[in-house]
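Asks: This structure is in structure tokens; I'll ask about it shortly.
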Amino acid sequence: MTETNIDVRGETCPVPLVECRKALRKASSGDEIIIVGTHPASKKEIPMACEAMGLEVMDIDENEDKEWKIRIRK
């Protein structure tokens, strides 16, 4: 199992979701993708897209600076 970190802070839609999908295509089953960003809409869109693809959204965390982190398992 590998862990891939994607930093999309400061990026707006559709960049965070596009980068997430790219990482998921490269990932193997059981790998974890961790996405860090600041765009509020992406915080909702990425988990919805992952669930639609049948992936496990393990954690969604947001700090006081409105920076979020989403952990996904392929």
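Asks: When only residues in the range 49-74 that are not hydrophobic (A, V, I, L, M, F, W, C) and not in a strand (DSSP E or B) count, which is surrounded by the fewest Cβ atoms within 10 Å (Cβ to Cβ)?
Replies: Applying the filter and picking the extreme gives E64.
Asks: List every residue pair whose Cβ atoms sit under 7 Å apart, with the two residues 6 or more apart in sequence or on different chains, where the first one lies in the range 41-52 and is free of Cβ contacts under 8 Å to residues at least 60 places away in the same chain and the second, anywhere, is assigned to a helix (DSSP H, G or I) and surrounded by 12 or more Cβ atoms within 10 Å (Cβ to Cβ).
Replies: Between residues of the range 41-52 that are free of Cβ contacts under 8 Å to residues at least 60 places away in the same chain and residues that are assigned to a helix (DSSP H, G or I) and surrounded by 12 or more Cβ atoms within 10 Å (Cβ to Cβ), the close pairs are S42/P16; S42/L17; E45/L17; I46/P16; I46/L17; I46/C20; A49/L17.
Asks: Among the residues in the range 44-58, are any within 15 Å of T12 (Cα to Cα) and touching a strand residue (DSSP E or B) at 6+ places or on another chain (Cβ under 8 Å)?
Replies: yes
Asks: Only one of I34, I46 is part of a strand (DSSP E or B) and either among the aliphatic types (A, V, I, L, M) or in contact with a Gly (Cβ under 8 Å, 6 or more places away or on another chain) (or both); which?
Replies: Unique residue meeting the criteria: I34.
Asks: Oh, and also: Could you go through the range 62-70 and let me know if any residue there is β-branched (V, I, T) and in contact (Cβ under 8 Å) with a residue 24 or more places away in the chain.
Replies: Within the range 62-70, one or more residues are β-branched (V, I, T) and in contact (Cβ under 8 Å) with a residue 24 or more places away in the chain.
Asks: Also: If I filter the range 1-16 down to residues being under 17 Å from E67 (Cβ atoms) and outside any loop (DSSP other than H, G, I, E, B), which single residue comes out as farthest from the chain's Cα centre (by Cα)?
Replies: V15
Rule-based calculations on the coordinates, nothing more; no lab input. Quick caveat, the model's predicted, so the values are computed rather than measured. Using ideal geometry, Cβ is built from the backbone for each residue, glycine included, and neighbour counts are taken over all protein chains shown.
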